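Here the structure comes first, spelled out in C-alpha cells, and everything after it is commentary.
The values are calculated or read from the model by the stated rules, or taken from the named source; none is laboratory data. Because the structure is a prediction, the values reported are computed rather than measured. So basically every Cβ, Gly included, is an ideal-geometry build from the backbone, and we count neighbours across all protein chains shown.
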Amino acid sequence: MRHGISPGSIDGVNGSQTRAALVAFQKSALLTMTGELDATTRTALVLDSPPFTNHIVTSNDLARLQPVSKTWLGKSQQTALDYETIIELVAEQGHASPNLIKRLNPSVDWTNVVTGTEIKIPDAVYPPAKKAAFATIRLAEKQLQVFDASTNLLAHFPCSIAQRVDKRPVGELHIVAVAPNPDYTFNPEVFPESPEAQQLKTKLILPPGPNNPVGTAWISLDKPGYGMHGTPKPEDVGRTESHGCFRLANWNADFLIKMVWVGMPVYVEP
C-alpha cells in the first residue's frame, strides 16, 4: 500500500492478488519477478513504521451506522448508503477483509461495540497521490495500473470486469468526468436478472455512501455507460464480475480519483 500497490482486500492469505501485487512491486523496483516474498523482495520492502495501528471507536462512527435496504426502491429512500456495522467501517479503513479484522481482535464483541473500543487494523496508508499520464486495464489479469509520463508505476489495483465478453471494451478510452462520493442512477433495464428491476418502470436515484452500487468514487469513460468505480463489496473485487464497468475497492477508487484527470487515456488490453 505504501508504494501505491494494492493486493485488494487484505486477508492474510498469499493468494493470486497478493502475488500480482508482489510482481508489480518487483517490476517497478527492477527485481526478479517471482510473485513471492523472497529474500530480495523482503529486503526492499522495509517499513518505516509499524504495519498495524489502532482505531478507537467514536460516537461519530456509531452514528453513521444504518441498515441498508435489500431492495432498490428501499435504497433510493434512504438518507445515505453508509456502513451497516463497525466491522465494515474499520475493515475499509484498514483496506482489509472483515475476517482478518476478527482474527486480529479476538476479544471484541462485534454485537456490542461501544464508544472507546480499541480495534487493531492494518495501517494501510497510500503515498501522496501524483498526477497520472495514463492507465492500463488488463482484462485477463483483472488489474488496473496507473503510470506517470515516464511510464513509472504509480498505482496497481485488482479490478472486476464485465461478466459478458461482449461487454468488455478493448482499446483506447478517455476519462470524461470524475465524481467523488457520487449518487447512483438505477436503471431497471441494466438489471434483467433482477425480478424487482423488471417490476420497476422508472429510474431511481440512490444516495451516496460506501454501500452505494458504485461505492465512493465514479470515473466516467467515453464509452457510454462505462466507468471505473468503487464497490460495497471490496472483498469480491477481482473474484466476481460486473455488468460492464471496472470495479475497484472503495479505497483504491478513492486513491485513483486523486491521480486522474478529464481527457486522460485509459488503455484496455485483452
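Summary of values
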read-out	value
Odd one out for Ala96 among (1) under 22 Å from Val237 (Cβ atoms); (2) in contact with an Asp or Glu (Cβ under 8 Å, 6 or more places away or on another chain); (3) surrounded by fewer than 18 Cβ atoms within 10 Å (Cβ to Cβ); (4) among the aliphatic types (A, V, I, L, M)	(3)
Residue check for Val125: assigned to a loop (DSSP other than H, G, I, E, B) and farther than 30 Å from Val23 by Cβ	no
Residue pairs meeting the criteria (Cβ under 7 Å; at least 6 apart or on separate chains; first at positive phi, in segment 168-183; second among the polar types (S, T, N, Q))	Asn181/Thr216
Qualifying residue in segment 161-170 (condition: under 21 Å from the mean Cα position of the chain (by Cα), modelled with pLDDT under 95 and crowded, with 20+ Cβ neighbours inside 10 Å)	yes
Every pair of residues 6+ apart whose Cβ atoms lie under 7 Å, when the first sits in segment 121-147 and is closer than 20 Å to His174 by Cβ and in contact (Cβ under 8 Å) with a residue 60 or more places away in the chain while the second is of a type in the set (Gly, Ala, Ser) and in a strand (DSSP E or B)	Leu144/Ala135; Gln145/Ala135; Gln145/Ala155; Val146/Ala135; Val146/Ala155
Any hit, segment 100-110, residues being touching a residue at least 60 places away in the same chain (Cβ under 8 Å) and either closer than 22 Å to Thr58 by Cα or outside any loop (DSSP other than H, G, I, E, B) (or both)	yes
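Here is a yes/no grid of residues against (1) in a loop (DSSP other than H, G, I, E, B); (2) touching a His at 6+ places or on another chain (Cβ under 9 Å); (3) closer than 16 Å to Ala132 by Cβ; (4) among the polar types (S, T, N, Q):
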site: Ala149; (1), (2), (3), (4): yes, no, yes, no
site: Pro169; (1), (2), (3), (4): yes, no, no, no
site: Glu189; (1), (2), (3), (4): no, no, no, no
site: Ala197; (1), (2), (3), (4): no, no, no, no
site: Asn211; (1), (2), (3), (4): yes, no, no, yes
